[in-house]
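Asks: Here you go, one structure.
The values are calculated or read from the model by the stated rules, or taken from the named source; none is laboratory data. All values reported here derive from a predicted model rather than from experimental measurement. Neighbour counts run over all protein chains shown; Cβ positions are idealised from the backbone, glycine included.
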C-alpha cells in the first residue's frame, strides 16, 4: 500500500488548515453559501435533504485496517454509527455537522486519508479494480498508475474549475471490474513490445446522457501519461460546454466534436504540453510501485478448502474468487443482506472487517464500485474462520453478482437531487428474491437502481436497471434491460411505461421468468437478452 | 510580486478583436471564450494581459493563463472580475501575477492563501519545483 512521505503529509495538513479556515469564515458569515459551496464540495461536503453529507476518499478503493477503523470511529463519533460505501469506492456519512467537518478531516489526516476532491467540478478520486494486485488475470497492478494520477490531479491549479466533475478509472486486466469505459477517462494498462502503457478511453459516463468512451489513444507510454492526461483535460477545460450543466461533461464535448476531432486536438495539445516537463521520471513511478509490492504470500500454502459445512460451501462458491497465488483467495464481503441498505455498514461491522484484514489479509481491504468490501489476500486455509466471523456479524450473505447484490444510490431518503426513493425498492426486490436457490438459478444478474436521472446507481449499466422518476408528483420507476459496466460494456434500453414501487418488483419477476424460459445452456440473463432482444421481454412485462 | 489592487493611470485594455485588428496597444483583455493562442505572435509588445473571470466557477481563464506563460509571455498577467481569495493560489500557480477583484479582498486572507501550500504536486506556470522533483533531485 502507498504510504505518505513528508510531502504527502504536508499537503493534506495544508488542506485541512485551509478548509478549517474556510469553514470558520463561512460560520462567521464572511463568505456566502454560493462562494462556500465549491470549496466545501472540493472537500467532499454536500448539503443534503436533512444534513451535511461527507464523502471520504478511498483512493483506488484500497485501505489498511488502521484506516478502516478510523472510518468506524468517524461513524461512531460524528454520525449515526454507520457509513455508506459508494460506487466511487468511497465512503460517505449522512449526518454530519458543518462545525465537525474540520475535526473529521484532521482525524482522517492522522491515518493518511482525506476528503479531497470527492466532489466539485474537479478531478475526482481515482477508481480502480478492487482485485488489483490479487487478480489472476491482471498484467500488472494498476494502482501505481492510479497513485501517479492521484498526485498529479490533487490540487491541480488549472483543472479545479472544470465545466463539470471528472472521473478517472484505471484497470490492468481485460475483465473490467471498474466500469472503466463509463468514466470521463478510462485507462487500461496494456502491454506493447514488452512495455506497459496506458490505453486512453475518453468521454464515457452515465448521467442523463449515457455514453461509452471511445478509444482515443491505444498506447501512451508511462513517461507520457501525465502529459497526455493534461492535454485531454486542457482541451476539455477550454472547450467543454459551460452554458448548460447537463451538457457540460466531457462526453458531450467528444460527442459533439467527434472522437477523431477531439483526438486531433488532444494530440496537438500533447505536442505542446510534452515540452513542459510535467512527467515525473521513472524513478518516481518505481518509488510508488515499490509500495504496492505483492505481500509475501506462500505459494505452497494448502490449496484445498474443507467444504464440509454446507453453508460455508455456498458462500465460498459465490463470494470467493481466484487469487493469482496458489493456496490463496480473494474474499468478497457482501454489504447487501436481504432487506438491508446496499452499501451500508455499521461501525461494529467496519471494525470487524478491519480486524479480519489485519489478521488474515495482509492488512488490506478494498471497497468495490458495487458497494461491497474485499479482503484481497487470504489463505484458503483461513476462509472458514473468516466466514464464521463474517456470518456472526451479518456479513456473510452469499450473493455476489446475484440479483440481490444491488447497487443503489441513496435516493430520496437522503439526496436532495433525487426524484424517487431507491433503498425501499432495493429492499423489496431483495426480499422478493430472497430464496438463495432461486437467485443462484438466475445466475449473474447485475441490478442497479438510481433515484434520479443523474444515474449515481449506475442504472444504465445494469443487466437490469431501474430509474426512479417523478411523474406528476408520484414516484415512478422505469425499467431498463441489457446494460453492462463490464468488458462487454453496453447501455440499457427502457422497456416502456414505468411502474409504481410494487409494480416494478412484479415487472422484474416477469423479466426473470421470461429469461428462465428463453435461456439456453450457460447463458447469463444479459446474454439471453442480447440474443432474443427486447420484444419477448416487453411482451412478458406488458402483455 | 503579487498585487491585488489595480494600479492607477495605466493604459486601458482593448478587446482581443480590437487588438488583433489594429493596433499598437500594449494591453489587452481576454474573455473566457477567447483563444489565448491568438495573442502568441504578439506577446513581445504586450505589457498587460487581463484575463476576465465573469464568474469564479468559469475556469477557462486558468488555461488561458498557462498557455500565455508557456508561450513565454513575461508581462503582467492579471485576473479580473469574480476573483475570490479561495481561487487566487491556483491562479498564481497558473501564471497570474496580479489580481483585480471586483470585490476587494482582505489582505491578511490573501497573504494566508498565497502562503498556505508548502509544496505542489504538479508542474504549473509559477516555476515551483514539483514534489516529484524534490523527491528525486
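Asks: Hey, any hits in the stretch A:4-22 for a residue that's on the phi > 0 side of the Ramachandran plot and either surrounded by 19 or more Cβ atoms within 10 Å (Cβ to Cβ) or out of contact with any helix residue (DSSP H, G or I) (no Cβ under 9 Å at 6 or more places or on another chain) (or both)?
Replies: Checked the stretch A:4-22: no residue is on the phi > 0 side of the Ramachandran plot and either surrounded by 19 or more Cβ atoms within 10 Å (Cβ to Cβ) or out of contact with any helix residue (DSSP H, G or I) (no Cβ under 9 Å at 6 or more places or on another chain) (or both).
Asks: Shifting gears a bit: In this structure, is residue A:142 surrounded by 24 or more Cβ atoms within 10 Å (Cβ to Cβ) and within 14 Å of chain B (Cβ to nearest Cβ)? Step through it out loud before you land on a result.
Replies: On the way: surrounded by 24 or more Cβ atoms within 10 Å (Cβ to Cβ): yes; within 14 Å of chain B (Cβ to nearest Cβ): no.
Criteria not met by residue A:142.
Asks: Here's another thing I want to ask about it. For residues in the stretch A:25-39 being touching a residue at least 24 places away in the same chain (Cβ under 8 Å) and more than 9 Å from chain B (Cβ to nearest Cβ), which is nearest to the chain's Cα centre (by Cα)? Steps first, please.
Replies: As a first pass, look at the stretch A:25-39 and keep what is touching a residue at least 24 places away in the same chain (Cβ under 8 Å): A:26-27, A:38.
Narrowing the set further to residues that are more than 9 Å from chain B (Cβ to nearest Cβ) leaves A:26-27.
Values: A:26: 31, A:27: 33 Å.
Among residues in the stretch A:25-39 that are touching a residue at least 24 places away in the same chain (Cβ under 8 Å) and more than 9 Å from chain B (Cβ to nearest Cβ), the one nearest to the chain's Cα centre (by Cα) is A:26.
Asks: Let me ask you something else. Against the condition crowded, with 17+ Cβ neighbours inside 10 Å and more than 12 Å from chain B (Cβ to nearest Cβ), how does residue A:55 come out, does it pass?
Replies: Here the answer is yes, as residue A:55 does meet what is asked.
Asks: Only one of these conditions is not met by residue A:268: (1) touching a helix residue (DSSP H, G or I) at 6+ places or on another chain (Cβ under 9 Å); (2) outside any helix (DSSP H, G or I). Which number is it?
Replies: Against the list (1) touching a helix residue (DSSP H, G or I) at 6+ places or on another chain (Cβ under 9 Å); (2) outside any helix (DSSP H, G or I), residue A:268 comes up short only on (2).
Asks: Would you confirm whether any residue within the stretch A:29-37 is part of a helix (DSSP H, G or I) and at pLDDT 95 or above?
Replies: The answer is no, given that none of the residues of the stretch A:29-37 is part of a helix (DSSP H, G or I) and at pLDDT 95 or above.
Asks: Within the group A:313, A:389, which residue is under 30 Å from residue A:432 (Cβ atoms), assigned to a helix (DSSP H, G or I) and without any contact (Cβ under 8 Å) to a residue 24 or more places away in the chain?
Replies: On the way: A:389 fails: without any contact (Cβ under 8 Å) to a residue 24 or more places away in the chain.
None of the other options fit; the residue is A:313.
Asks: What's the number of the only condition in (1) more than 9 Å from chain A (Cβ to nearest Cβ); (2) under 14 Å from the mean Cα position of the chain (by Cα); (3) buried (at least 21 other Cβ atoms within 10 Å of the Cβ) that residue B:66 fails to meet?
Replies: The number of the failed condition is (1).
Asks: Another question, if that's okay. Does residue A:65 satisfy being crowded, with 18+ Cβ neighbours inside 10 Å, over 18 Å from residue A:417 (Cα atoms) and either out of contact with any strand residue (DSSP E or B) (no Cβ under 6 Å at 6 or more places or on another chain) or not assigned by TED's automatic domain parsing to the domain that holds residue A:163 (or both)?
Replies: For residue A:65, the condition - crowded, with 18+ Cβ neighbours inside 10 Å, over 18 Å from residue A:417 (Cα atoms) and either out of contact with any strand residue (DSSP E or B) (no Cβ under 6 Å at 6 or more places or on another chain) or not assigned by TED's automatic domain parsing to the domain that holds residue A:163 (or both) - is met.
Asks: On to the next question. Please go through (1) assigned to a loop (DSSP other than H, G, I, E, B); (2) facing chain A (nearest Cβ under 8 Å); (3) at pLDDT below 95 for residue B:112 and return the number of the only condition it doesn't satisfy.
Replies: In the conditions (1) assigned to a loop (DSSP other than H, G, I, E, B); (2) facing chain A (nearest Cβ under 8 Å); (3) at pLDDT below 95, residue B:112 misses (1) alone.
Asks: Going through the stretch A:315-340 one residue at a time, which ones are touching a helix residue (DSSP H, G or I) at 6+ places or on another chain (Cβ under 7 Å) and surrounded by fewer than 21 Cβ atoms within 10 Å (Cβ to Cβ)?
Replies: Selection gives A:316, A:327, A:338, A:339.
Asks: A further question on this structure: Condition check: surrounded by fewer than 16 Cβ atoms within 10 Å (Cβ to Cβ), over 21 Å from the mean Cα position of the chain (by Cα) and farther than 20 Å from residue A:340 by Cβ. Does residue A:435 satisfy that?
Replies: The answer is no for residue A:435.
Asks: So, one more: Provide a single number: the residues in the stretch B:41-51 that are away from chain A (no Cβ under 14 Å) and either in contact with a helix residue (DSSP H, G or I) (Cβ under 9 Å, 6 or more places away or on another chain) or assigned to a helix (DSSP H, G or I) (or both).
Replies: Residues flagged as away from chain A (no Cβ under 14 Å) and either in contact with a helix residue (DSSP H, G or I) (Cβ under 9 Å, 6 or more places away or on another chain) or assigned to a helix (DSSP H, G or I) (or both) within the stretch B:41-51 amount to 7.
Asks: For the stretch A:156-175, give me each residue that is away from chain B (no Cβ under 13 Å) and in a loop (DSSP other than H, G, I, E, B).
Replies: Once the filter is applied, which keeps residues that are away from chain B (no Cβ under 13 Å) and in a loop (DSSP other than H, G, I, E, B), the stretch A:156-175 yields A:167, A:172, A:174, A:175.
Asks: Are there any strands (runs of 3 or more DSSP E) wholly within the stretch A:435-510 with 2 or more residues that are assigned by TED's automatic domain parsing to the domain that holds residue A:531, over 25 Å from residue A:167 (Cβ atoms) and at pLDDT 95 or above, and if so which? Write out each step before concluding.
Replies: Details: elements: A:447-450, A:464-471, A:474-481.
Answer list for the stretch A:435-510: A:474-481.
Asks: Is it true that some residue in the stretch A:221-238 is without any contact (Cβ under 8 Å) to a residue 24 or more places away in the chain and in a helix (DSSP H, G or I)?
Replies: Scanning the stretch A:221-238, I find at least one residue that is without any contact (Cβ under 8 Å) to a residue 24 or more places away in the chain and in a helix (DSSP H, G or I), so the answer is yes.
Asks: Oh, and also: Please specify each residue of the stretch A:188-214 satisfying the condition of being part of a strand (DSSP E or B) and free of Cβ contacts under 8 Å to residues at least 24 places away in the same chain.
Replies: A:188, A:199, A:201
Asks: Looking at residue A:147, is it more than 19 Å from the chain's Cα centre (by Cα) and either under 24 Å from residue A:11 (Cβ atoms) or in a strand (DSSP E or B) (or both)?
Replies: No; evaluated as a whole, the condition is false for this residue.
Asks: Next question, about the same structure. Hey, can you tell me all the residues within the stretch A:362-383 that are surrounded by fewer than 24 Cβ atoms within 10 Å (Cβ to Cβ) and in contact (Cβ under 8 Å) with a residue 24 or more places away in the chain?
Replies: A:362, A:363, A:364, A:379, A:380, A:381, A:383
Asks: Quickly run through the stretch A:122-133 and pick out the residues that are crowded, with 24+ Cβ neighbours inside 10 Å, within 14 Å of another protein chain (Cβ to nearest Cβ) and over 11 Å from the mean Cα position of the chain (by Cα).
Replies: Selection gives A:123 alone.
Asks: Follow-up. Of B:117, B:132, which residue is more than 16 Å from the chain's Cα centre (by Cα), within 20 Å of residue A:149 (Cα to Cα), facing chain A (nearest Cβ under 10 Å) and part of a loop (DSSP other than H, G, I, E, B)?
Replies: Exactly one residue qualifies, and that residue is B:117.
Asks: Going by what's in this entry, would residue A:275 be described as surrounded by 14 or more Cβ atoms within 10 Å (Cβ to Cβ) and either within 14 Å of chain B (Cβ to nearest Cβ) or over 27 Å from the mean Cα position of the chain (by Cα) (or both)?
Replies: No: the conditions fail for residue A:275.
Asks: Can I ask one more? Every residue in the stretch A:415-427 that is part of a loop (DSSP other than H, G, I, E, B) and either within 19 Å of the chain's Cα centre (by Cα) or under 13 Å from residue A:469 (Cβ atoms) (or both), please.
Replies: A:415, A:417, A:418, A:419, A:420, A:421, A:422
Asks: Consider residue A:18 against the criteria (1) more than 23 Å from the chain's Cα centre (by Cα); (2) away from chain B (no Cβ under 14 Å): it satisfies all of them except one. Which criterion is unmet?
Replies: Failed condition: (2).
Asks: For the stretch A:1-10, give me each residue that is within 14 Å of residue A:155 (Cβ to Cβ) and either facing chain B (nearest Cβ under 7 Å) or free of Cβ contacts under 8 Å to residues at least 24 places away in the same chain (or both).
Replies: Just the residues of the stretch A:1-10 that are within 14 Å of residue A:155 (Cβ to Cβ), to begin with: A:7-8, A:10.
Answer for the stretch A:1-10, where residues must be within 14 Å of residue A:155 (Cβ to Cβ) and either facing chain B (nearest Cβ under 7 Å) or free of Cβ contacts under 8 Å to residues at least 24 places away in the same chain (or both): A:7, A:10.
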